[in-house]
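*Asks:* Sharing a structure, written as structure tokens. Questions coming.
Throughout, read-outs are computed from the coordinates displayed, never taken from laboratory work. Quick caveat, the model's predicted, so the values are computed rather than measured. Because the Cβ atoms are built from the backbone with ideal geometry, glycine has one as well, and the counts that use them run over all protein chains shown.
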There are 2 protein chains.
Amino acid sequence: MYSVAGLLKIINTEIEQRSGDLKKLTPANLYKPVDYSLEMGGKRLRPVLLLLSYNMFSDSVQNAIPAALAIEIFHNFTLLHDDIMDKAEVRRNRPPVHKKFSENSAILSGDVMAFLSYQYLLECKSDNLHEVLELFTKTAIEVCEGQQLDMEFENRLNVEESEYLEMIRLKTAVLLACGLKAGALLANADIKIANQLYEYGINLGIAFQLQDDLLDSFGSQESLGKKIGGDILANKKTFLSIKALENATGEVKSELISWLKNADYSPAEKITAVLDIFNKLNIRELTEQKIESYFQKCTTVFQQINMGEKQKLQLQEISKGMLNRVH
Amino acid sequence: MYSVAGLLKIINTEIEQRSGDLKKLTPANLYKPVDYSLEMGGKRLRPVLLLLSYNMFSDSVQNAIPAALAIEIFHNFTLLHDDIMDKAEVRRNRPPVHKKFSENSAILSGDVMAFLSYQYLLECKSDNLHEVLELFTKTAIEVCEGQQLDMEFENRLNVEESEYLEMIRLKTAVLLACGLKAGALLANADIKIANQLYEYGINLGIAFQLQDDLLDSFGSQESLGKKIGGDILANKKTFLSIKALENATGEVKSELISWLKNADYSPAEKITAVLDIFNKLNIRELTEQKIESYFQKCTTVFQQINMGEKQKLQLQEISKGMLNRVH
């Protein structure tokens, strides 16, 4: 079996190759933002999970590379469009496509990336390709649903924890789960195991997003590649702000609400004040406990999967890495 | 065989049904614009061509309905995104999605429509489904390329006729051709015939777009569902403006260029002045001749297709209708 680092290397080599292909395509201005977006790097988490899952059942990892690329380019497509909708200023320490090029570029080059993901996926030779295409398409639809909910939550003060968890399941977790299941399906794994890996991916994905929420408030800008407190400034509903609103009472609650409604503030002042409230309410600890509870769910599913311990090892390693990360 | 009207009825009934399904989906605000866009109507040309092509080889038209819906919802997805990029004010006599809802809605609901088109397509049972998916994906990518070229041409004065024809091949013709070829493939037609139908569709599509250009300047607002002269006001490169720039000399050329560069004008005055120049240069006749030349290419391909005259009849009928239309 390949190590996680080995799989990452395979993916980066392949992306470099495809990036060379993209550079030759016309109209150049359509494909430049695609290339810019792919070259930005990122953790390549989704394609690594897909290959890792495939590799648990088959050694011929080469066969699954087009699917791994498909899921990575799809993920990058969502970033292009989400960044327009969220008016993002920075992505991975660089201007996002709609800033570097234009909004129209981000829309249209995003669109072509969505279709390129299908083009790559269709290169895969597998008896289960139809199922993988159905899974991928269902997932893509769910990711759109998640983004819609995320946008709607920004204009609501009363988002429940359960609504929030469903939103991040759709926006983040299903794509990680899709990667794990697709890898298994392409390698002709038992459907029961493929479904267990999906469930594992859902719990891992939710934990991962909660960690992302936590880092946005309690991480460091340098390792994160974007400013700390972005979610706070955007009044984004995150696990942290939802828990804070739920647990705050009296003066602390009024203060929090006034910060959330206040449009006329200095950014640094708002971040400090809201972090101060988070600290008073032990929000960091509550979030860490929630992350731990989802990681426990992963462990439970993990133990039920009927598969050799050796094959499970890499999955365990990458999952732990995902939840102990600083960026 | 079904008549064109019969096929249109099948499609509209099916869209009504799916529209009912969409109304039940959540988040409602993601699916409302999808429904709004599908309910707007339109000519349903692409799904009719797909079913008509299928019906030339098989009577069980029901099998191809999901593919017909897929191509229609894909077409509507492109309208949502193009209308943002082109800052369109009106679509089919109503506000486009980005005006009726918001730009973010048009981006995200457009995205989900792209994926719904794959979801529908994957419902089709056919031995050739993989080929159809490849064709559909290649076409979708080409449509993005066409839109990119169209946008780029707006900022250029020196667009050649050949460049323009390539742009409309990508932006408009390939999707009509895809409908015809996909219908044939799904019905297990001979691949040679499927490819001839594709070629037919390309020529028909180019003629159709040239007709569209013509109507934008020489049609009537009432039957067109949008204002006359929109292309002129937007300084859009069309066959008409490209031919006018190519053929104009001396004072007429300076006058035309000054209109194209002038940002400070009354819309009605600009339209009248540019139409006047078009008339001086016989642009209407030149465009009609070009349309006729592409229709002749259709006829040539048509005669080569090894298929009964009876089966060809409907295709001939709809093609003539497409080129004699007023809207």
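*Asks:* What 222 nm value per residue comes from the helices of chain A, counting each DSSP H run with n ≥ 4 as -39,500 (n - 2.57) and dividing by all residues, nearest 500 deg cm²/dmol?
*Replies:* That calculation yields -24000 deg cm²/dmol at 222 nm.
*Asks:* Here's something else I'd like to know. Between copies, how close do the B:Asn262 label points come, placed 7 Å along Cα→Cβ, listed in nm from shortest?
*Replies:* Spacings between copies for this position, smallest first, are 5.4 nm.
*Asks:* While we're here: Could you give each residue of the stretch B:268-280 its phi-based ³J(HN,Hα) in whole Hz, using Karplus coefficients 6.51, -1.76, 1.60 with θ = phi - 60°, and x for Gly or Pro?
*Replies:* 4, 5, 4, 4, 4, 5, 5, 4, 4, 5, 3, 5, 4
*Asks:* Follow-up question, since we're still on this one. Have a look at the stretch B:222-327 and give its Rg and Dmax from the Cα atoms, expressed in angstrom.
*Replies:* So, for the stretch B:222-327, Rg and Dmax equal 18.2, 58 Å respectively.
*Asks:* What are the extents of the Cα atoms of the stretch B:196-267 along their three principal axes, listed from largest to smallest and rounded to whole Å?
*Replies:* 46, 30, 16
*Asks:* Could you pull the Rg and Dmax for the protein assembly as shown, using just the Cα atoms, both in Å?
*Replies:* 26.8, 83
*Asks:* If I fit a long axis through the Cα atoms of helix B:283-304 and take the longest principal axis of the Cα atoms of chain B, what angle between them do I get, 0 to 90°, rounded to 10?
*Replies:* Once rounded, one gets 30 degrees.
*Asks:* Can you work out the Karplus-derived ³J(HN,Hα) for every residue in the stretch B:27-38? Use 6.51 cos²θ - 1.76 cosθ + 1.60 with θ = phi - 60°, whole Hz, and x for glycine or proline.
*Replies:* x, 3, 5, 7, 8, 4, x, 5, 5, 4, 5, 6
*Asks:* Beta carbons within 10 angstrom, averaged per residue: use that to sort the peptides A:302-309, A:60-67, highest first.
*Replies:* Values: A:302-309: 12.5, A:60-67: 18.8.
For the peptides A:302-309, A:60-67, the packing ranking is A:60-67, A:302-309.
*Asks:* Please report, for the Cα atoms of the stretch B:150-224, the Rg to one decimal and the Dmax as a whole number; what are they, in angstrom?
*Replies:* Computed over the Cα atoms of the stretch B:150-224, radius of gyration and Dmax are 15.2, 46 Å.
*Asks:* Put the label 7 Å from Cα along Cα→Cβ for A:Leu25; what are its distances to the other copies, in nanometres, shortest first?
*Replies:* The projected label point of A:Leu25 is separated from its counterparts by 2.5 nm.
*Asks:* Compute the distance from the alpha-carbon center of the stretch B:49-114 to that of the stretch A:11-34, in whole Å.
*Replies:* 28
*Asks:* Towards the positive end of the charge dipole of the protein assembly as shown, with charges on Cβ (+1 Lys, Arg; -1 Asp, Glu), say which of B:Asn128, B:Val143, A:Ala173 has the farthest Cα.
*Replies:* B:Asn128
*Asks:* Using a cut-off of 13 Å between beta-carbons, work out the net charge of the residues near B:Glu269 (Lys and Arg +1, Asp and Glu -1, B:Glu269 not included).
*Replies:* Value of the local net charge: -2.
*Asks:* Hey, what do the phi angles of the stretch A:251-261 turn into as Karplus ³J(HN,Hα) couplings, whole Hz, using 6.51/-1.76/1.60 and θ = phi - 60°, x for Gly and Pro?
*Replies:* Once θ is set to phi - 60°, the couplings for the stretch A:251-261 become 5, 4, 5, 4, 4, 4, 4, 5, 5, 5, 8 Hz.
*Asks:* Kindly express, to the nearest 10 degrees and within the range 0 to 90, the angle between helix A:309-323's C-alpha long axis and the longest C-alpha principal axis of chain A.
*Replies:* Once rounded, one gets 30 degrees.
*Asks:* Can you tell me, using C-alpha contacts under 8 Å and at least 6 residues apart, the relative contact order of chain A as a whole percent?
*Replies:* Rounded, it is 18 percent for chain A.
*Asks:* Suppose every Lys and Arg Cβ carries +1 and every Asp and Glu Cβ carries -1, with no other charges. What dipole size does the protein assembly as shown come out with about its Cα centre, to the nearest 20 debye?
*Replies:* So the dipole magnitude of the protein assembly as shown works out to roughly 160 debye.
*Asks:* How are the C-alpha pair distances of chain A spread across 10 Å bins, as whole percents from the shortest bin up?
*Replies:* The distribution over chain A is 6, 26, 33, 23, 10, 2, 0, given as percents.
*Asks:* Cross-link list A:Lys290/A:Lys310; A:Lys43/A:Lys320; A:Lys171/A:Lys237: which exceed 19 angstrom alpha carbon to alpha carbon?
*Replies:* A:Lys290/A:Lys310
*Asks:* Can you list the distances in nanometres, one decimal and ascending, from the B:Gly41 label point to the identical position in each other copy, with the point 7 Å along Cα to Cβ?
*Replies:* 5.5
*Asks:* Moving on to the next point. Between A:Glu251 and A:Glu163, how high is the FRET efficiency from 1/(1 + (r/R0)^6) when r is the Cβ-Cβ distance and R₀ = 30 Å? Nearest 0.05. Don't jump to the answer; show the numbers that get you there.
*Replies:* Numbers: r = 27 Å, r/R0 = 0.89.
According to the calculation, E is roughly 0.65.
*Asks:* Also: Would you list, by chain and number, the aspartates and glutamates whose Cα falls below 15 Å from the Cα of B:Lys270, excluding same-chain residues fewer than 8 positions away?
*Replies:* In chain and number order, the partners are B:Asp216, B:Asp231, B:Glu255.
*Asks:* With a cut-off of at most 16 other beta carbons within 10 Å, and DSSP calling the residue loop, which GluC sites (Glu not before Pro) in the stretch A:145-245 qualify? Please list them.
*Replies:* A:Glu160
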